[in-house]
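Presented below is the structure to which this report refers.
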Amino acid sequence: MNRPSEEGHRGGPPPRDSLVLTVSELNATVRSLLEEALSEIWVEGEISNLRRYPSGHTYFTLKDEAAQVAAVLFRGNSLGLRFRPEDGQKVLVRGRVGLYEPRGSFQIIVDRLEPAGLGALQAALEQLQGRLRAEGLFEAGRKRPLPLLPRRIGVVTSPRGAAIRDFLRVLGRRFANLDVIVAPARVQGEGSAEEVAAAIRDLNRLGGVDVIVVTRGGGSLEDLWTFNEEIVARAIAASGVPVISAIGHEIDVTISDLVADLRAPTPSAAAEMVVRSKRELADRIAALHARLAGSMRLRIAAASARLEMAGSDRALAALRGRLRDTMLRIDELTAGIEGHLSREVLQARHRLDILRHRMTPLRLAERLAARRAAGAAIGRRLQTAMLARLRASRDRAAGYGERLTALSPLAVLSRGYAICQAAPGGAVVKEASGVHRGDLIEIRLHRGRLDCEVKEVRNVTRDEKL
């Protein structure tokens, strides 16, 4: 620093004790103050004048309706972006304020950048979908059919996940002896997209793989993000083998699903799509075999007929003779049929005249009255028989009821007898020897029960009378 002289008045040299800075010192001081006071800030604005340099650094202007400020996103901080910044986007940036000393201009040094009002993941997804759709990667015309029965299936997934277990279980049930090659890859987290893309390329290089299944279980948008990465989408599009994408659940749709040749809603559904069941194939082969055998029999029969007809002129003459005989026979049969029909028509007309005579209103009324009288007589007989049977059934039921009442143990109890049981709900006591002193017994009367304790047991001898 330069120290001023002792003169220091307005219009003259600075005072002796005034501090005089160089431009570099001033900019360095301002930079230090800015970086200390504004070491971490969030700023919202619109991107304009965006420029990307070969170094990987991105420079742009952040502006609103009244002001603007320069910003820089260095290459190291841009690698983790989930979307591609463009002019006109409203963004939210986090960073620190710094000063570019050579020009004395301050700028925001950005370390985080995301769209304002929209999640970075969703913005990245929409941007990538738009670019890939414009390139035609989602077109139905580029999708290939699956082989009828693949001999070797490649699966790209985590070997420890539930998706591979579900896939192999369904595959084993439908066609147990297929060759399955699992290309292990992480399906979530940093670096997983590169592993999935590499696994797809490895299965293509291996050769002999008829179809590739890329699968994992369900999860959130962040969990499934690996299959929304551009590197995975382009690996699927570049695959020389048809690819089935079975990511998440039925409601989850990723970019991998849109690029793949076929989308399966679940890993289990992918296994059902990739192979047909043995029974289905066997039934189809049997049907084709039957159709082939029938077609061959028809062709052989037609060829044999043509060969026989072309065998000799004599065979042709015999055929003409048979044709003439057949035509004469047809004429005879036609004449006979016409005569028979004439007789049948005359007989039918005679029967119709008889029926017309019988079907006069008077004759019909007489026959109807006779039928009604017969029906009424039958009804009266039926009613009489039913009443007689009903009375007999009631009498039998009453007799059965009286007999049941007489035989009922409750009827015996009503005459002063009782039932003695060893304990509540126990066996019936038939002899005094069946209980002992101090036992609890239950005595059932005609009305009610008695709970008793045995005070004394006396056995009755054969000759002793009760």
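At a glance:
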| quantity | calculated |
| --- | --- |
| Selection from the stretch 214-245 of residues that are more than 20 Å from GLY191 (Cα to Cα) and either buried (at least 24 other Cβ atoms within 10 Å of the Cβ) or not small (Gly, Ala, Ser) (or both) | VAL241, PRO242, VAL243, ILE244 |
| Residue tally, condition among the basic types (Lys, Arg) and free of Cβ contacts under 8 Å to residues at least 12 places away in the same chain, over the stretch 175-206 | 1 |
| Residues being more than 22 Å from PHE138 (Cβ to Cβ) and modelled with pLDDT of 80 or more - total across the stretch 260-275 | 4 |
| Candidate set: the stretch 31-77, residues that are surrounded by 17 or more Cβ atoms within 10 Å (Cβ to Cβ) and not aliphatic (A, V, I, L, M); chosen: the one modelled with the lowest pLDDT | ARG31 |
| Number of positions in the stretch 167-179 that are among the aliphatic types (A, V, I, L, M), outside any helix (DSSP H, G or I) and in contact with a helix residue (DSSP H, G or I) (Cβ under 7 Å, 6 or more places away or on another chain) | 1 |
| Of the criteria (1) crowded, with 16+ Cβ neighbours inside 10 Å; (2) without any contact (Cβ under 8 Å) to a residue 60 or more places away in the chain; (3) outside any loop (DSSP other than H, G, I, E, B), which one VAL209 fails | (3) |
| Pairs where the first residue, in the stretch 129-156, is loosely packed, with under 11 Cβ neighbours inside 10 Å and the second is assigned to a loop (DSSP other than H, G, I, E, B), C-beta under 8 Å, 6+ apart | PRO145/PRO242; PRO145/ASP261; LEU148/ARG276 |
| Residue within the stretch 276-299 that is under 30 Å from ILE200 (Cβ atoms) and at pLDDT 70 or above present | no |
| Residues of the stretch 137-166 classified as part of a helix (DSSP H, G or I) and among the acidic types (Asp, Glu), total | 1 |
| Condition broken by MET309, with the remaining ones in (1) among the aliphatic types (A, V, I, L, M); (2) more than 32 Å from the chain's Cα centre (by Cα); (3) modelled with pLDDT of 70 or more satisfied | (3) |
| Test for ALA388: is it exposed (fewer than 10 other Cβ atoms within 10 Å of the Cβ), of a type outside the set (Lys, Arg) and in a helix (DSSP H, G or I) | no |
| Some residue of the stretch 183-200 being part of a loop (DSSP other than H, G, I, E, B), in the same structural domain as LEU168 (by TED's automatic domain parsing), more than 24 Å from the chain's Cα centre (by Cα) and under 27 Å from GLY141 (Cβ atoms) | no |
| The one condition in (1) in contact with a helix residue (DSSP H, G or I) (Cβ under 8 Å, 6 or more places away or on another chain); (2) more than 16 Å from VAL457 (Cα to Cα) that ALA422 fails to fulfil | (2) |
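The values are calculated or read from the model by the stated rules, or taken from the named source; none is laboratory data. The structure displayed is predicted, hence computed values, not measured ones. Here the Cβ is made from the backbone with ideal geometry for all residues, glycine too, and neighbour counts use every protein chain on show.
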